[in-house]
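The structure under discussion appears below in the form of structure tokens.
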Amino acid sequence: MSGGHGSGGSSNKRVALLISVLALFLAFSETLGKASQTEALGANVEASNLWAFFQARTIRMTVIRTADEAVALLPPGTSQEAIQAKRAEWAKTLARYDSEPATGEGRKELTARAKLAEERRDLSLLRYHHYELASAAFQIGIVLASAEVITGIAALVFAGGALGIAGAVLLAFGYLAPHTLPFLH
């Protein structure tokens with residue numbers, strides 16, 4: 001029998017094909033995992049920045065409210081028109097700091113934007129965990145299928161294929177329904 005033409009060669013070709021398919025899915029899983037990780041990091045930074053802006057607005061509001069309260073303690077004889085004008089200006093500023101739909105920079109809008117960024121971050125992390133587990137399954141499947149070529153133990157190629165299927169399932173859940181398997185996170 002010449003090499004590659006008998007049943008051993010045919011078996012090795014099937015194993016090589018399985019390894020190739022597992023490697024292809026591993027590449028998909030790694031790419032999606034890296035993209036999810038990057039998205040999670042970016043969304044986390046965005047959420048942190050938005051909460052910092054929210055805190056800055058809150059501090060500014062507190063300073064203005066304190067100044068407004070201090071004006072009430074001014075001695076009699078202070079120009080009431082000037083005091084009322086300043087207090088009206090501060091009231092407008094306070095209202096703008098609390099809600100500014102036009103720019104999205106009021107505390108209410110910042111809270112909503114920060115929560116959306118946190119949701120994106122959390123979703124990306126869920127996906128990332130699925131992709132990492134899928135990558136591990138593909139890698140172990142490749143190792144087991146490769147070991148079958150050396151040892152001739154057919155169970156290794158079946159185990160490698162089963163891990164490949166498990167990896168594909170994890171990859172699909174991570175992409176399509178990352179909330180479905182809560183025990184993974």
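With respect to Glu132, determine if the residue is in contact (Cβ under 8 Å) with a residue 60 or more places away in the chain, open to solvent by less than 70 Å² (accessible area, probe 1.4 Å) and within 20 Å of Ala40 (Cβ to Cβ). Taking the combined requirement at face value, the residue does not satisfy it. On inspection, Val149 does not qualify as β-branched (Val, Ile, Thr) and open to solvent by less than 40 Å² (accessible area, probe 1.4 Å).
Taking the stretch 152-168 as the range and being assigned to a helix (DSSP H, G or I) and open to solvent by 70 Å² or more (accessible area, probe 1.4 Å) as the test, the residues that pass are Phe158, Ile165. In the stretch 165-185, the qualifying residues are those that are modelled with pLDDT under 90 and of a type in the set (A, V, I, L, M), and the one that is farthest from Tyr128 (Cα to Cα) is Leu181. Applying the criterion of being open to solvent by 50 Å² or more (accessible area, probe 1.4 Å) and among the hydrophobic types (A, V, I, L, M, F, W, C) to the residues of the stretch 37-51, the residue that is farthest from Ala95 (Cα to Cα) is Leu41.
Contact annotation: residue pairs with Cβ atoms under 6 Å, 6 or more positions apart or on different chains, pairing a residue in the stretch 108-125 that is under 14 Å from Phe53 (Cβ atoms) with a partner that is surrounded by 17 or more Cβ atoms within 10 Å (Cβ to Cβ) and among the charged types (D, E, K, R), are Ala117/Glu46.
Just to be sure before I move on: is Ala91 out of contact with any helix residue (DSSP H, G or I) (no Cβ under 9 Å at 6 or more places or on another chain), over 30 Å from Ala162 (Cα atoms) and outside any loop (DSSP other than H, G, I, E, B) in the structure I sent? No. Restricting to the stretch 64-119, name every residue that is of a type in the set (A, V, I, L, M), open to solvent by less than 50 Å² (accessible area, probe 1.4 Å) and under 30 Å from Ala40 (Cβ atoms). Leu110, Ala114, Ala117, listed by residue number.
Going by the conditions given, is Thr31 within 23 Å of the chain's Cα centre (by Cα), open to solvent by 40 Å² or more (accessible area, probe 1.4 Å) and among the β-branched types (Val, Ile, Thr)? Yes: the conditions hold for Thr31.
The values are calculated or read from the model by the stated rules, or taken from the named source; none is laboratory data. These figures come from a predicted structure and were not determined experimentally. Note that we place each Cβ from the backbone using ideal geometry, even for glycine, and neighbour counts take in every protein chain shown. Heavy atoms of the whole protein, side chains included, go into the accessibility calculation; ligands, DNA and RNA do not. Shrake-Rupley method; radii C 1.70, N 1.55, O 1.52, S 1.80 Å.
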